Amino acid sequence: MIAVTSASLLFVGFIASQASTEQAIANEQRLFRNTLADRMRVLVREQITVASSDNSVAGLVLNFNANYAYKAIDTLWSDYRHSKVMVISGDGHVLAESFEHYTHILKRPIAETPELAILFEKTKDLFEKNRVRVPEGYGHRSLQGVNPDEYALMGFTEIDGRPAMFGAVPVIPDDYENVLPDGPPTVILSAHYIDETLLRQVNAQLNFASLKFVTDAPADSAAFHMIANPDEESIGFFTWDSQTIGNAIWPTIIPVIVLLSISLAALAFGIAWRIGQLTSSLQASEQQNRHLALHDTLTGLANRLQFNRVLATSVKSLPEKQFAVIHCDLDKFKAVNDTFGHAAGDLVIKTMAGRLKKVIGQEGLVCRVGGDEFMIIYRKTTDRENLHKLSTELVETAQTPIAIRDEGEATIGLSVGIAVAPEDGSTTESLVARSDAALYKSKKLGRNRYSLFSDFFDNKGDPEEPPLSLEDPKPQARAVKAG
């Protein structure tokens, strides 16, 4: 009897341990995939600051200018720390190539590096799908409201023998003072090598234990995420120590089995108590996993997954319950990291999270959706006067200096973009795209500002369509700058 009961408990412990571990790893893998996708979108958005420019069309496409190439590449290194940047002409020649702060002007066929030639060809195919005819040449359809993977190639590959996260975008005009000639595009390809810096940036949102990158396949039972190049060939694996309770189950079950051999009378009580403990542990683990899946580990705010769920629910309540989507991005945040270090950067993020949550209060949901990017679903009122007052308070609260222990003070700013539902859109995609367009306008007008989508774009058209180009706003548009 004791032997049968002991064997049964061993089996239950084994099954419970396996199920708990598998569920925890599956949740962590989903979080990791979402975080990597966000980081690649950030990389492409950084590239667009250089690639989408009439000056870049003039200096990199129409008449290659070495001095302009130096300046463009230096921007991607100095402002965003892109480890590798290449400018590739439409006829397939590398015109400029950098490694960190060093830039080399040359002219060599991209075919000499077959793994990069594949990326160039795929980027050309994307450009052909988005190219549009304009007077005296060609242009590119508006990027606003378009997913980055529709106009940019991004993913992982090996560059100079090192695994890297890359983005490749075509050089395109913005104000159309210069237009593109007929033919393939000039492409800017840049990358972050998978090193300690990238691992630290990714793990800032996850707080995984012992996150690292390896080239050898880990054991099937380990927590890992495989990455592959565009030809779906494996490059390596991100691995980490999963936060599971599987190992804690055995110290609970084994003492029960030992007690069985001493007293059969104590068996029923011991089993009932231990199984109760096991159930509580499993419930606590599941509750923790659900919390991690919906919250940012650094700030405790809702994360992008929870934002998407709440936004979808809010859209279903339209038009009876109107709301606003507020897109916020910190200004000068990179300077904080460069001056005081990443620990100070984390302090700034947590401080700003608390300030934003205090301003919004119970009237909305504040979410951290990226490194220094926040989104808010605001439900109290959508009248213009209240939104101006709220936006002013958001911008002003960011301007208060933040003490960095004994090292001084960090001064940052906040750029804000607002889209109102259903006035500016009635779907999750259109509201996110249009709040992002308004945020981009605030950035372009000088930062430390807020902009309402309807102040700059036509909101009377089909809300499912992308907004007008940022360079072609309505005549009555005006910039609004807070204190």
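Using every alpha carbon pair in the stretch 304-481, what percent of pairs falls into each 5 Å bin from 0 up to the bin containing the largest distance?
1, 9, 18, 21, 19, 15, 9, 5, 2, 1, 0
Tell me what the chain gives for mean residue ellipticity at 222 nm when only DSSP H runs of n ≥ 4 count, each as -39,500 (n - 2.57), the sum divided by the residue total, rounded to 500 deg cm²/dmol. Each step should come with its number before you reach the end.
Working: 12 runs with 211 residues, N = 483.
After summing the helix terms and dividing by residue count, I get -14500 deg cm²/dmol.
If you work out Rg/Rh (Cα atoms, Kirkwood Rh) from the coordinates, which of (i) 0.97; (ii) 1.05; (iii) 1.08 do you get?
(ii)
When the dipole is taken about the Cα centre of the chain, and only Lys, Arg (+1) and Asp, Glu (-1) are charged at their Cβ, what size is it in debye, to the nearest 20? Before the final figure, lay out the partial values.
Numbers: 47 positive and 60 negative charges, 303 e Å.
Using only the charged Cβ atoms, the result is roughly 1460 debye.
Can you pick out the pairs among Lys380/Lys443; Lys334/Lys444; Lys212/Lys350; Lys334/Lys443; Lys84/Lys350; Lys358/Lys380 whose Cα atoms lie more than 23 Å from each other?
Numbers: Lys380/Lys443 26 Å; Lys334/Lys444 17 Å; Lys212/Lys350 25 Å; Lys334/Lys443 15 Å; Lys84/Lys350 31 Å; Lys358/Lys380 15 Å.
From Lys380/Lys443; Lys334/Lys444; Lys212/Lys350; Lys334/Lys443; Lys84/Lys350; Lys358/Lys380, over 23 Å: Lys380/Lys443; Lys212/Lys350; Lys84/Lys350.
Can you give the relative contact order of the chain as a percent, counting alpha carbon pairs under 8 Å and 6+ residues apart?
Contact order relative to length: 13 percent.
Could you sort 146-157, 51-62, 122-133 so that the peptide with the highest average Cβ count within 10 Å comes first and the rest follow in order? List each step's numbers first, then the result.
Values: 146-157: 19.2, 51-62: 20.8, 122-133: 15.4.
Top to bottom by mean Cβ count within 10 Å: 51-62, 146-157, 122-133.
Output needed: percent of Cα pairs per 10 Å distance bin for the stretch 1-283, bins running from 0 to the one holding the longest distance.
6, 24, 24, 15, 10, 8, 7, 4, 1, 0
Under DSSP H, which helices of the chain have Cα atoms covering 15 Å or more of the helix axis and a Kyte-Doolittle average no less than -1.0? Can you show the working numbers first?
Numbers: long enough: 2-51 (73 Å, 0.38); 66-80 (21 Å, -0.47); 114-130 (25 Å, -0.48); 246-262 (26 Å, 1.81); 267-294 (40 Å, 0.00); 304-316 (18 Å, -0.06); 342-360 (27 Å, 0.42); 384-398 (21 Å, -0.69); 428-444 (24 Å, -0.61).
Those that pass (Cα extent of 15 Å or more, hydropathy at least -1.0) are 2-51, 66-80, 114-130, 246-262, 267-294, 304-316, 342-360, 384-398, 428-444.
Give the relative contact order (percent, whole number) for the stretch 1-283; include only Cα pairs under 8 Å separated by 6+ residues.
Numbers: 443 pairs, mean separation 62.1, N = 283.
Once divided by the residue count of the stretch 1-283, the mean separation gives 22 percent.
In the stretch 302-382, what GluC sites (Glu not before Pro) fall in a loop by DSSP, with at most 15 other Cβ atoms inside 10 Å? Show your work: numbers first, answer last.
Numbers: sites: Glu320, Glu363, Glu373; in loops: Glu320.
Listed in order of number, the matching sites are Glu320.
When a/c reaches 1.5 or more, the comparison of a/b and b/c decides; with that in mind, is the stretch 260-333 rounded, prolate or oblate per its Cα gyration tensor? All intermediate terms of the calculation are to be shown ahead of the outcome.
On the way: a/c = 7.92, a/b = 2.66, b/c = 2.98.
Oblate, because a/c is 1.5 or more while a/b does not exceed b/c.
Taken together, the values in this text are just the output of simple stated rules run on the coordinates, not laboratory data. Please read these numbers as outputs of a predicted model, since none were measured by experiment. Note that each Cβ is placed from the backbone with ideal geometry, even for glycine, and that neighbours are counted across all protein chains shown.
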